[in-house]
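Values in this text are rule-based calculations from the coordinates and carry no lab data. Given the structure is predicted, the values throughout are model-derived calculations rather than measurements. Cβ placement follows ideal geometry from the backbone for every residue including glycine, while neighbour counts extend to all protein chains displayed.
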Amino acid sequence: METILRQVGELLVSAIPTAIFLLVVWAGYVFIVHGKLEQVLKQRHELTAGAVARARQEIATAEARTAEYEQKLRDARSAIYQLQQANRQKLLEQRSAALAEARKQTGETVKKARTALEQDIMEAKAALEQQAGVLADKVIESVLRPAAAAGGR
């Protein structure tokens with residue numbers, strides 16, 4: 001067993017320079033490479049996270065603009081609809097005014113026609129009464145003349 005211990009001791013003693021070399025390499029890595037590597041990784045993460053944050057901000061801005069444009073579009077459609085409604089109302093009022101004027105003129109025309117018709121009727125009645133009187137006189141004369149001529153003979 002003593003030989004094993006002695007061999008282990010010699011192995012450990014011969015491993016000391018390797019351990020020291022490993023510690024030197026590790027220290028060199030930490031001081032030379034690890035700091036720069038950490039810095040580059042941190043910077044890369046900040047750039048990536050910053051780009052993601054900027055992208056999210058731009059997306060939010062685009063969504064806000066889209067909402068604003070949609071609202072403006074709805075407002076414009078509403079204004080157009082209101083303008084169309086106002087034009088329709090104006091046309092309806094003009095149509096109603098035209099109909100009222102047409103009714104008024106028609107009523108006046110009917111009144112004039114009735115007045116003219118009544119006057120024509122009165123003239124026709126007067127003419128008929130006059131003709132009836134003349135015809136009655138002729139009928140009486142024609143009836144009485146043969147009777148008077150027969151009775152006077």
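Please work out which option in (i) 2.08; (ii) 1.62; (iii) 1.95 gives Rg/Rh (Cα atoms, Kirkwood Rh) calculated from these coordinates, and answer with its label.
Given (i) 2.08; (ii) 1.62; (iii) 1.95, the structure-derived one carries the label (i).
Gaussian network model of the chain, Cα springs within a sub-10 Å range: biggest mean-square fluctuation belongs to which of SER96, SER78, SER14?
Looking only at SER96, SER78, SER14, the largest GNM fluctuation is found for SER14.
How large is the helix-only mean residue ellipticity at 222 nm for the chain, computed as the sum of -39500 (n - 2.57) over DSSP H runs with n ≥ 4, divided by its residue count, in deg cm²/dmol to the nearest 500?
Value at 222 nm, helices only, nearest 500: -36000 deg cm²/dmol.
Quote the charge dipole size of the chain about the Cα centre in Debye, to the nearest 20; the model charges only the Cβ of Lys and Arg (+1) and of Asp and Glu (-1).
Roughly 600 debye for the chain.
Using only Cα atoms, tell me the angle between helix 2-28 and the longest principal axis of the chain; keep it within 0 to 90° and round to the nearest 10.
Tilt relative to the chain: about 50 degrees.
Looking at the chain as a GNM with Cα springs under 10 Å, which of ALA79, ALA116, ALA19 has the largest mean-square fluctuation?
Of ALA79, ALA116, ALA19, the Gaussian network model singles out ALA19 as fluctuating most.
I'd like to know which of LEU99, GLN57, LEU22 lies farthest towards the positive end of the charge dipole of the chain, counting +1 on Cβ of Lys and Arg and -1 on Cβ of Asp and Glu.
LEU99
So how many Lys-Lys pairs in the chain land under 30 Å Cα to Cα, not counting same-chain pairs under 8 apart?
Final tally of qualifying lysine pairs is 6.
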